[in-house]
Amino acid sequence: MEITPSILHTAELFTGLSEAQLTALAAVGQVSVFHRGDIILKEGEQSTAVYVVLKGQVEVVSELTENTTSLIILGAGQSFGEMSLLDAGPRSATIRCLSAEASLLTFSRDDLLAFWDKESRVGYKMLFNIARDLAFKLRIRNLTNALPKGGGDL
């Protein structure tokens with residue numbers, strides 16, 4: 001699959017980047033293809049990459065309890081693994097391929113950070129997008145945890 005700026009424009013992680021910046025960034029990543037049921041990354045493993053879904057769907061699941069719990073389904077333009085860029089901590093969830101086939105653009109942490117050293121405006125915009133996304137996820141989590149058990153209004 002050829003990575004073009006038009007494909008990358010759909011990813012929230014790349015909001016605000018020019019075509020030239022997207023073209024340079026695409027050269028840093030690698031495309032990986034997964035098939036239904038493939039484990040892309042496992043909860044608790046060391047974080048070393050960030051991923052952008054180019055085609056297909058992946059499922060984010062938590063395995064912290066006896067029963068595997070589906071947390072969310074991600075599709076084209078969505079990303080995961082961003083926290084690895086910030087703290088290199090262990091993965092907080094397992095990601096598995098949900099569709100018949102999924103294509104992901106993968107950036108190794110080291111390659112992306114080296115690119116940001118050379119292209120600081122790209123790094124700034126991507127970090128801003130990551131911070132905005134993490135703030136949104138935290139806000140949703142806080143609102144969800146604030147709901148009374150059994151539903152109802154806040």
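Based on the mean of other Cβ atoms within 10 Å per residue, sort peptides 5-14, 70-79 so the most packed one is first.
On the way: 5-14: 17.2, 70-79: 15.5.
The peptides rank, most packed first, as 5-14, 70-79.
Sum up the lysine pairs in the chain that clear both bars: alpha-carbon distance under 21 Å and a spacing of 8 or more or different chains.
On the way: K42/K55; K42/K137; K125/K137; K137/K149.
For the chain, the number of qualifying lysine pairs is 4.
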Determine the gain in length on full extension of the stretch F128-E45; use 0.36 nm per residue of separation and subtract their C-alpha separation, reporting nm with one decimal. 27.3 nm
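Length gain on complete extension for the stretch L143 to S32, per 0.36 nm per residue less the alpha carbon to alpha carbon distance? The partial results should precede the final answer.
Details: separation 111, 0.36 × 111 = 39.96 nm, distance 3.48 nm.
Length gained between L143 and S32: 36.5 nm.
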Taking 7 Å along the Cα-to-C-beta vector as the label spot, tell me the T23-F136 distance in nanometres, rounded to one decimal. 2.8 nm
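How big is the convex hull of the Cα atoms of segment 6-54, per residue, in Å³?
Details: hull volume 5.0 nm³, N = 49.
Each residue corresponds to 102 Å³ of Cα convex hull volume.
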Rounded to the nearest 10 degrees, what's the angle between the helix 120-146 long axis and the longest principal axis of the chain, both from Cα atoms, 0 to 90? 10 degrees
Could you please tell me the mean projected area of the C-alpha convex hull for segment 1-91, averaged over all directions and given in square nanometres to one decimal? 6.4 nm²
Going out from 0 in 10 Å bins, what whole percent of all Cα-Cα distances in the chain drops into each bin? 11, 38, 35, 14, 3, 0
Rounded tilt (10° steps) of 109-118 against the dominant C-alpha axis of the chain: 50 degrees
Taking R0 as 30 Å and r as the Cβ-Cβ distance between T10 and A88, the FRET efficiency 1/(1 + (r/R0)^6), rounded to the nearest 0.05, comes to 0.65
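Please give the contour-minus-distance gain from D110 to S70: 0.36 nm per residue of separation, less the Cα-Cα distance, rounded to one decimal in nm. Before the final figure, lay out each step's value.
Working: separation 40, 0.36 × 40 = 14.40 nm, distance 2.97 nm.
Additional length available on full extension: 11.4 nm.
Where a number appears in this text, it was derived from the coordinates with a stated rule and is not lab data. For clarity, every value in this text was computed on a predicted model and none was experimentally measured. Positions of Cβ are backbone-derived with ideal geometry, glycine not excepted, and every protein chain shown enters the neighbour counts.
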